[in-house]
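The values are calculated or read from the model by the stated rules, or taken from the named source; none is laboratory data. In this text, all values refer to a predicted model and were calculated from it rather than measured experimentally. So basically every Cβ, Gly included, is an ideal-geometry build from the backbone, and we count neighbours across all protein chains shown. We work out accessible area using only protein heavy atoms, side chains counted, and drop any ligands, DNA or RNA first. Shrake-Rupley method; radii C 1.70, N 1.55, O 1.52, S 1.80 Å.
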2 protein chains.
Amino acid sequence: MVDENQMKNVLQAYIDGFNHGDAEAIIALYADDATVEDPVGKPPMQGKPAIAKFYRNSIKTGAKLALAAPIRASQGQEAGMAFDVRLEMPQGPALIRVIDVMRFDSEGRIASMRAFWGLSDMQMGG
Amino acid sequence: MVDENQMKNVLQAYIDGFNHGDAEAIIALYADDATVEDPVGKPPMQGKPAIAKFYRNSIKTGAKLALAAPIRASQGQEAGMAFDVRLEMPQGPALIRVIDVMRFDSEGRIASMRAFWGLSDMQMGG
(Lines give C-alpha, C1' and ligand atoms only; values in the text may rest on other atoms or scores of the structure.)
Protein backbone atom coordinates (compact mmCIF):
# COMPACT_ATOMS: atom_id res chain seq x y z
CA MET A 1 0.00 0.00 0.00
CA VAL A 2 1.15 3.51 -0.80
CA ASP A 3 -0.46 6.46 0.90
CA GLU A 4 -1.68 9.66 -0.71
CA ASN A 5 1.41 11.67 0.09
CA GLN A 6 3.75 8.99 -1.25
CA MET A 7 1.87 9.01 -4.54
CA LYS A 8 1.97 12.79 -4.73
CA ASN A 9 5.70 12.75 -4.06
CA VAL A 10 6.25 10.39 -6.98
CA LEU A 11 4.24 12.62 -9.31
CA GLN A 12 6.22 15.65 -8.14
CA ALA A 13 9.47 13.71 -8.73
CA TYR A 14 8.25 12.99 -12.26
CA ILE A 15 7.78 16.75 -12.88
CA ASP A 16 11.17 17.49 -11.29
CA GLY A 17 12.88 14.84 -13.41
CA PHE A 18 11.77 16.60 -16.59
CA ASN A 19 12.75 20.00 -15.30
CA HIS A 20 16.22 18.74 -14.33
CA GLY A 21 16.62 17.01 -17.71
CA ASP A 22 17.10 13.73 -15.79
CA ALA A 23 15.54 10.89 -17.78
CA GLU A 24 17.06 8.24 -15.50
CA ALA A 25 15.32 9.73 -12.44
CA ILE A 26 11.98 9.44 -14.23
CA ILE A 27 12.65 5.91 -15.49
CA ALA A 28 13.53 4.82 -11.93
CA LEU A 29 9.99 5.73 -10.79
CA TYR A 30 8.53 2.93 -12.93
CA ALA A 31 7.95 -0.75 -12.17
CA ASP A 32 9.78 -3.15 -14.50
CA ASP A 33 6.58 -4.29 -16.22
CA ALA A 34 4.89 -0.89 -16.28
CA THR A 35 2.80 0.45 -19.16
CA VAL A 36 2.81 3.98 -20.57
CA GLU A 37 -0.08 5.16 -22.77
CA ASP A 38 0.97 8.61 -24.05
CA PRO A 39 -1.32 9.84 -25.45
CA VAL A 40 -4.43 7.94 -24.35
CA GLY A 41 -5.79 6.28 -27.48
CA LYS A 42 -2.44 5.10 -28.85
CA PRO A 43 -1.03 1.61 -28.18
CA PRO A 44 0.69 1.54 -24.77
CA MET A 45 4.41 0.99 -24.38
CA GLN A 46 5.24 -1.85 -22.01
CA GLY A 47 8.32 -2.65 -19.95
CA LYS A 48 11.37 -0.75 -18.79
CA PRO A 49 13.36 -0.82 -22.08
CA ALA A 50 10.53 0.74 -24.10
CA ILE A 51 9.76 3.22 -21.32
CA ALA A 52 13.43 4.17 -20.93
CA LYS A 53 13.75 4.87 -24.65
CA PHE A 54 10.61 7.02 -24.57
CA TYR A 55 11.82 9.21 -21.69
CA ARG A 56 15.37 9.57 -23.03
CA ASN A 57 13.87 10.85 -26.28
CA SER A 58 11.40 13.08 -24.41
CA ILE A 59 14.17 14.72 -22.40
CA LYS A 60 16.09 15.42 -25.62
CA THR A 61 13.20 17.66 -26.77
CA GLY A 62 13.97 19.94 -23.81
CA ALA A 63 10.41 19.50 -22.53
CA LYS A 64 9.70 21.37 -19.29
CA LEU A 65 6.61 20.64 -17.18
CA ALA A 66 4.63 23.06 -14.99
CA LEU A 67 1.75 21.94 -12.78
CA ALA A 68 -1.51 23.63 -13.80
CA ALA A 69 -3.13 22.77 -10.43
CA PRO A 70 -2.14 20.84 -7.30
CA ILE A 71 -1.57 17.08 -7.75
CA ARG A 72 -4.61 14.96 -6.87
CA ALA A 73 -4.50 11.60 -5.05
CA SER A 74 -7.40 9.15 -4.77
CA GLN A 75 -8.72 6.66 -2.25
CA GLY A 76 -7.07 3.82 -4.17
CA GLN A 77 -3.58 3.26 -5.53
CA GLU A 78 -3.88 5.98 -8.19
CA ALA A 79 -3.18 9.67 -8.54
CA GLY A 80 -3.39 12.34 -11.23
CA MET A 81 -2.13 15.77 -12.22
CA ALA A 82 -2.83 18.48 -14.78
CA PHE A 83 0.22 20.20 -16.22
CA ASP A 84 1.51 22.19 -19.17
CA VAL A 85 4.44 20.99 -21.28
CA ARG A 86 6.64 23.44 -23.11
CA LEU A 87 9.00 21.97 -25.69
CA GLU A 88 10.88 22.71 -28.88
CA MET A 89 9.36 21.14 -31.96
CA PRO A 90 11.01 21.29 -35.38
CA GLN A 91 8.46 24.02 -36.18
CA GLY A 92 9.33 26.06 -33.08
CA PRO A 93 8.24 26.29 -29.44
CA ALA A 94 5.03 24.47 -28.53
CA LEU A 95 2.70 24.06 -25.57
CA ILE A 96 0.79 20.86 -24.77
CA ARG A 97 -1.85 20.73 -22.02
CA VAL A 98 -1.86 17.30 -20.37
CA ILE A 99 -3.46 15.31 -17.56
CA ASP A 100 -1.49 12.25 -16.41
CA VAL A 101 -3.11 9.55 -14.29
CA MET A 102 -0.87 6.94 -12.66
CA ARG A 103 -1.54 3.63 -10.94
CA PHE A 104 0.95 2.36 -8.36
CA ASP A 105 2.16 -1.07 -7.35
CA SER A 106 2.41 -2.13 -3.73
CA GLU A 107 5.99 -0.86 -3.54
CA GLY A 108 5.09 2.64 -4.68
CA ARG A 109 6.40 2.32 -8.22
CA ILE A 110 4.35 3.48 -11.20
CA ALA A 111 2.63 0.45 -12.75
CA SER A 112 0.62 2.39 -15.32
CA MET A 113 0.72 5.91 -16.70
CA ARG A 114 -1.94 7.31 -19.03
CA ALA A 115 -1.51 10.78 -20.57
CA PHE A 116 -4.63 12.67 -21.65
CA TRP A 117 -3.87 15.13 -24.45
CA GLY A 118 -5.30 15.56 -27.90
CA LEU A 119 -4.41 17.56 -30.96
CA SER A 120 -6.73 20.26 -29.61
CA ASP A 121 -4.50 20.52 -26.52
CA MET A 122 -1.41 21.51 -28.52
CA GLN A 123 -0.56 24.99 -29.66
CA MET A 124 2.44 26.38 -31.47
CA GLY A 125 4.23 29.42 -30.13
CA GLY A 126 4.00 28.07 -26.57
CA MET B 1 -16.69 8.12 -32.82
CA VAL B 2 -16.74 11.37 -30.90
CA ASP B 3 -14.20 14.04 -31.68
CA GLU B 4 -12.12 16.03 -29.22
CA ASN B 5 -14.39 19.05 -29.21
CA GLN B 6 -17.51 16.94 -28.64
CA MET B 7 -15.89 15.37 -25.60
CA LYS B 8 -14.81 18.74 -24.25
CA ASN B 9 -18.33 20.07 -24.72
CA VAL B 10 -19.74 17.21 -22.63
CA LEU B 11 -17.25 17.88 -19.83
CA GLN B 12 -18.12 21.58 -19.91
CA ALA B 13 -21.84 20.67 -19.79
CA TYR B 14 -21.08 18.55 -16.72
CA ILE B 15 -19.51 21.58 -14.99
CA ASP B 16 -22.40 23.81 -16.09
CA GLY B 17 -24.97 21.30 -14.81
CA PHE B 18 -23.52 21.55 -11.32
CA ASN B 19 -23.32 25.31 -11.44
CA HIS B 20 -26.95 25.56 -12.57
CA GLY B 21 -28.05 23.08 -9.88
CA ASP B 22 -29.43 20.89 -12.68
CA ALA B 23 -28.95 17.23 -11.77
CA GLU B 24 -31.10 16.04 -14.67
CA ALA B 25 -28.83 17.78 -17.20
CA ILE B 26 -25.83 15.91 -15.75
CA ILE B 27 -27.64 12.56 -15.63
CA ALA B 28 -28.63 12.96 -19.29
CA LEU B 29 -24.93 13.03 -20.28
CA TYR B 30 -24.52 9.39 -19.20
CA ALA B 31 -25.09 6.15 -21.09
CA ASP B 32 -27.69 3.84 -19.52
CA ASP B 33 -25.10 1.28 -18.41
CA ALA B 34 -22.44 3.78 -17.38
CA THR B 35 -20.19 3.44 -14.34
CA VAL B 36 -19.16 6.19 -11.91
CA GLU B 37 -16.17 5.66 -9.60
CA ASP B 38 -16.15 8.67 -7.25
CA PRO B 39 -13.66 8.64 -5.65
CA VAL B 40 -11.25 6.29 -7.46
CA GLY B 41 -10.63 3.41 -5.07
CA LYS B 42 -14.25 2.98 -3.96
CA PRO B 43 -16.64 0.49 -5.61
CA PRO B 44 -18.13 2.01 -8.78
CA MET B 45 -21.81 2.81 -9.12
CA GLN B 46 -23.37 1.26 -12.22
CA GLY B 47 -26.44 2.13 -14.27
CA LYS B 48 -28.67 5.17 -14.62
CA PRO B 49 -30.75 4.70 -11.42
CA ALA B 50 -27.67 4.59 -9.17
CA ILE B 51 -26.02 7.44 -11.08
CA ALA B 52 -29.20 9.56 -10.97
CA LYS B 53 -29.47 9.13 -7.21
CA PHE B 54 -25.82 10.11 -6.76
CA TYR B 55 -26.13 13.35 -8.75
CA ARG B 56 -29.45 14.36 -7.21
CA ASN B 57 -27.81 14.04 -3.80
CA SER B 58 -24.68 15.85 -4.99
CA ILE B 59 -26.68 18.82 -6.26
CA LYS B 60 -28.44 19.04 -2.88
CA THR B 61 -25.06 19.81 -1.26
CA GLY B 62 -24.93 23.00 -3.33
CA ALA B 63 -21.61 21.88 -4.85
CA LYS B 64 -20.20 24.34 -7.38
CA LEU B 65 -17.40 23.39 -9.78
CA ALA B 66 -14.65 25.61 -11.19
CA LEU B 67 -12.15 24.38 -13.78
CA ALA B 68 -8.58 24.59 -12.47
CA ALA B 69 -7.14 24.33 -16.00
CA PRO B 70 -8.53 23.87 -19.52
CA ILE B 71 -10.26 20.55 -20.23
CA ARG B 72 -7.99 17.95 -21.89
CA ALA B 73 -9.07 15.55 -24.64
CA SER B 74 -7.06 12.52 -25.81
CA GLN B 75 -6.46 10.66 -29.05
CA GLY B 76 -9.01 8.04 -28.02
CA GLN B 77 -12.57 8.19 -26.72
CA GLU B 78 -11.57 9.72 -23.39
CA ALA B 79 -11.10 13.15 -21.87
CA GLY B 80 -10.20 14.64 -18.49
CA MET B 81 -10.37 17.82 -16.43
CA ALA B 82 -8.99 19.24 -13.19
CA PHE B 83 -11.42 21.29 -11.13
CA ASP B 84 -12.18 22.56 -7.65
CA VAL B 85 -15.42 21.73 -5.88
CA ARG B 86 -16.85 24.08 -3.26
CA LEU B 87 -19.68 22.68 -1.18
CA GLU B 88 -21.41 22.93 2.17
CA MET B 89 -20.58 20.10 4.53
CA PRO B 90 -22.26 19.67 7.92
CA GLN B 91 -19.03 21.10 9.39
CA GLY B 92 -19.08 24.17 7.13
CA PRO B 93 -17.81 25.16 3.69
CA ALA B 94 -15.27 22.81 2.11
CA LEU B 95 -13.03 22.63 -0.95
CA ILE B 96 -12.19 19.41 -2.78
CA ARG B 97 -9.59 19.32 -5.57
CA VAL B 98 -10.57 16.74 -8.20
CA ILE B 99 -9.53 15.31 -11.58
CA ASP B 100 -12.29 13.55 -13.50
CA VAL B 101 -11.49 11.28 -16.44
CA MET B 102 -14.34 10.15 -18.68
CA ARG B 103 -14.65 7.50 -21.38
CA PHE B 104 -17.28 7.94 -24.08
CA ASP B 105 -19.45 5.54 -26.04
CA SER B 106 -19.83 5.80 -29.81
CA GLU B 107 -22.82 8.11 -29.41
CA GLY B 108 -20.93 10.61 -27.29
CA ARG B 109 -22.45 9.64 -23.97
CA ILE B 110 -20.31 9.13 -20.88
CA ALA B 111 -19.69 5.39 -20.43
CA SER B 112 -17.32 5.70 -17.48
CA MET B 113 -16.37 8.47 -15.08
CA ARG B 114 -13.54 8.16 -12.57
CA ALA B 115 -12.93 10.94 -10.02
CA PHE B 116 -9.44 11.31 -8.56
CA TRP B 117 -9.53 12.90 -5.11
CA GLY B 118 -8.21 11.77 -1.78
CA LEU B 119 -8.60 12.90 1.79
CA SER B 120 -5.48 15.01 1.24
CA ASP B 121 -7.36 16.90 -1.50
CA MET B 122 -10.09 18.14 0.86
CA GLN B 123 -9.87 21.18 3.06
CA MET B 124 -12.37 22.81 5.34
CA GLY B 125 -13.04 26.52 5.07
CA GLY B 126 -13.09 26.33 1.26
Choice from A:SER112, A:SER74, A:SER58 with maximal GNM fluctuation in chain A (Cα, 10 Å cutoff) | A:SER74
Which whole-number percent gives the relative contact order of the range B:4-124, counting Cα pairs below 8 Å spaced six or more residues apart?
-> 27
So in the protein assembly as shown, what percent of DSSP beta bridges are antiparallel if you round to the nearest 5?
-> 85
Each residue of B:65-72 has, on average, a number of other protein chain C-beta atoms within 10 Å of its C-beta equal to 6
Chain A, Gaussian network, Cα under 10 Å: of A:ALA34, A:ALA69, A:ALA13, the residue fluctuating most is A:ALA69
Quick one: Cα centre-to-centre distance for the range B:54-89 and the range A:7-79, in angstrom?
-> 25
Measure nothing fancy, just the Cα-based angle from helix B:48-60's long axis to the longest principal axis of chain B, in degrees from 0 to 90, nearest 10.
-> 40
Could you provide, to the nearest whole Å², the per residue accessible area of the range B:5-51 with probe 1.4 Å?
-> 46
Angle between the Cα long axis of helix A:4-19 and the longest principal axis of chain A, 0 to 90 degrees, nearest 10?
-> 30
Among A:MET102, A:MET45, A:MET89: highest mean-square fluctuation, GNM of chain A, C-alpha pairs under 10 Å | A:MET89
Leaving out ligands, DNA and RNA, calculate the buried accessible area for the pair B and A with a 1.4 Å probe, summed over both sides, in Å² to the nearest 100.
-> 2500
Of the accessible area of the range A:4-124, computed with a 1.4 Å probe and all protein chains kept, carbon and sulfur make up a percent value of 53
So which residues of the range B:1-22 lose at least 20 Å² of accessible area, probe 1.4 Å, when you go from the chain by itself to every protein chain present?
-> B:GLU4, B:LYS8
Each residue of B:77-83 has, on average, a number of other protein chain C-beta atoms within 10 Å of its C-beta equal to 6
Which whole-Hz couplings ³J(HN,Hα) result when phi for each residue of the range B:83-94 is put into the Karplus expression 6.51 cos²θ - 1.76 cosθ + 1.60, θ = phi - 60°, listed in order with x for Gly and Pro?
-> 8, 10, 10, 10, 8, 8, 9, x, 8, x, x, 9
Considering amide H positions built from the backbone, and no H for Pro or chain starts, which residues 5 or more places from A:ALA69, or on another chain, come under 5 Å of its amide H?
-> A:ALA82
